[in-house]
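The values are calculated or read from the model by the stated rules, or taken from the named source; none is laboratory data. The model shown is predicted, which means the values in this text are computed figures rather than measured ones. Cβ sites come from the backbone with ideal geometry, for glycine too, and all protein chains shown count toward neighbours. In case anyone asks, the SASA skips ligands and DNA or RNA and just uses the protein heavy atoms, side chains included. Shrake-Rupley method; radii C 1.70, N 1.55, O 1.52, S 1.80 Å.
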Amino acid sequence: MKHHSLRLGLLVVGVYVVSVAQSYAAEKPFYDGKTLTVLINYAAGGPTDVEGRLLARHLGRHVAGQPNVIVQNISGAGGIIGTNFLGQVAKADGLTMGYFTGALFHQQVRNPALRTDLSKYAFISGIQGVTVSYIRSDVAPGIKKPGDLLKAQRFKAGGLSNDSFKDVAFRLSFDLLGLQYDYVTGYNSSADARLAVQRNEVQYHDETLPAYRSQVEPNMVKPGQVTALYHADLIDADGGVADSPDVPELSSFTKFYTQVLGKPPSGIKYEALKAANIAGTNMTRAILLPPGAPKEAVAALKQATASLSKDEEYLADAVKVMRFRPRFEMGASGERLYQRATGISPDLAKFIRQFIEQERK
């Protein structure tokens, strides 16, 4: 009888231990004791790298389980090599997260070098990156305020490459406005194109807000060398257009167009511009996991980025480094924007591709 009671007691203890172990395993955060690699698709030292490393430095404490977070750069081909790596080589185990620039626009234009379908990646968040347009004030007959752009005689617009988002966006914008311009592209960086504007080799360029606030505004706008024109449109989940709260002194392109021409823009070039702006403005940076990533990993990182977006320590560091407060596209509206960016119609994708190719002939 005693032996029976002892065996029964041991059995109860054993069941309890197994139950506790199973309960602990079920409650244990997905990233507990793990290392998360943040894969950046541009080289060390550039804007994507600087911003990605800043995010990585603060992200870990917001992820349940507080994993170790490390950074890896895989650059080349305008960010495509790193994007392909995440979709084709990285394990879909939730331990490699992409922090990408340009990936969504490559998908839109059906870049043949992009060998993966971004619509199948797990979307975590996007981060806005507003672009500001500016032109030399001495372009005849003189540009003193944004509305004077419509009077501008033929000028040269400096770009980075035929298929970059910024080049395509300003060309579409100029065509919609009916401007006469010569397109000069191939500058290695915005810093080089900015110098070309200062030398009057070209008269127009546009730059993301950190460079605009730190370089263009104090050194070119305030002395009167250039006039700031407008900022790129932000698109909402329903396809509407909004001004950026980070550039209150300037109108969005759509508002500028409507003010100077008395009607809103329309047509396929405008639809192409709106699609490109989702990819290049609303989601200048895209935070993604590989196709097939565990649901637990996706949920944990979505929660972490939502928490990070409200982290005053991270935001203060970002303002110091980036000159503006990061704004995240996430949740249901972020998902809808991502789907709009990666799932544009074949006809619109074909139009954008042809628009790019016509400049290569």
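For the reader, a short list of remarks on this structure follows.
- Lone qualifier among 266, 307 - being surrounded by fewer than 19 Cβ atoms within 10 Å (Cβ to Cβ), touching a residue at least 40 places away in the same chain (Cβ under 8 Å) and small (Gly, Ala, Ser): 307
- Screening the candidates 114, 95, 176 for the property of being more than 16 Å from the chain's Cα centre (by Cα), among the hydrophobic types (A, V, I, L, M, F, W, C) and under 30 Å from residue 314 (Cα atoms) yields one hit, 95.
- Count of residues meeting criterion [free of Cβ contacts under 8 Å to residues at least 40 places away in the same chain and aliphatic (A, V, I, L, M)] in the range 24-69: 5
- Within the range 336-350, being surrounded by fewer than 17 Cβ atoms within 10 Å (Cβ to Cβ), in contact (Cβ under 8 Å) with a residue 12 or more places away in the chain and touching a helix residue (DSSP H, G or I) at 6+ places or on another chain (Cβ under 9 Å) holds for 339, 343, 348.
- Of the numbered criteria (1) of a type in the set (A, V, I, L, M); (2) modelled with pLDDT under 95; (3) in contact with a Phe, Trp or Tyr (Cβ under 7 Å, 6 or more places away or on another chain); (4) crowded, with 21+ Cβ neighbours inside 10 Å, the one residue 157 fails is (2).
- Check on residue 293, free of Cβ contacts under 8 Å to residues at least 60 places away in the same chain, open to solvent by 10 Å² or more (accessible area, probe 1.4 Å) and out of contact with any Phe, Trp or Tyr (no Cβ under 7 Å at 6 or more places or on another chain): no
- Residues of the range 233-291 satisfying the condition of being part of a strand (DSSP E or B) and over 23 Å from residue 322 (Cα atoms): 241, 289
- Search result, residues across the range 160-196 that are among the small types (Gly, Ala, Ser), under 22 Å from residue 254 (Cα atoms) and open to solvent by 40 Å² or more (accessible area, probe 1.4 Å): 178
- Of residues in the range 221-245 being modelled with pLDDT under 95 and open to solvent by less than 30 Å² (accessible area, probe 1.4 Å), the one nearest to residue 140 (Cα to Cα): 244
- Taking the range 39-55 as the range and being more than 19 Å from residue 130 (Cα to Cα) and open to solvent by less than 10 Å² (accessible area, probe 1.4 Å) as the test, the residues that pass are 39, 40, 41.
- Pairs with Cβ under 8 Å, 6+ apart, first in the range 312-326 and open to solvent by 50 Å² or more (accessible area, probe 1.4 Å), second of a type in the set (Lys, Arg): 319/325; 323/213
- Looking across the range 98-116, the residues that are surrounded by fewer than 24 Cβ atoms within 10 Å (Cβ to Cβ) and either more than 30 Å from residue 251 (Cα to Cα) or among the basic types (Lys, Arg) (or both) come down to 110, 111, 112, 113, 114, 115, 116.
- Residue among 133, 119 that alone is buried (at least 24 other Cβ atoms within 10 Å of the Cβ) and either in contact (Cβ under 8 Å) with a residue 12 or more places away in the chain or farther than 30 Å from residue 245 by Cα (or both): 133
- Per the listing 211, 228, 169, 193, the residue uniquely assigned to a strand (DSSP E or B) and among the small types (Gly, Ala, Ser) is 228.
- Taking the range 319-339 as the range and being assigned to a helix (DSSP H, G or I) and at pLDDT below 95 as the test, the residues that pass are 319, 320, 321, 322.
- Any hit, the range 138-146, residues being open to solvent by less than 30 Å² (accessible area, probe 1.4 Å) and outside any loop (DSSP other than H, G, I, E, B): no
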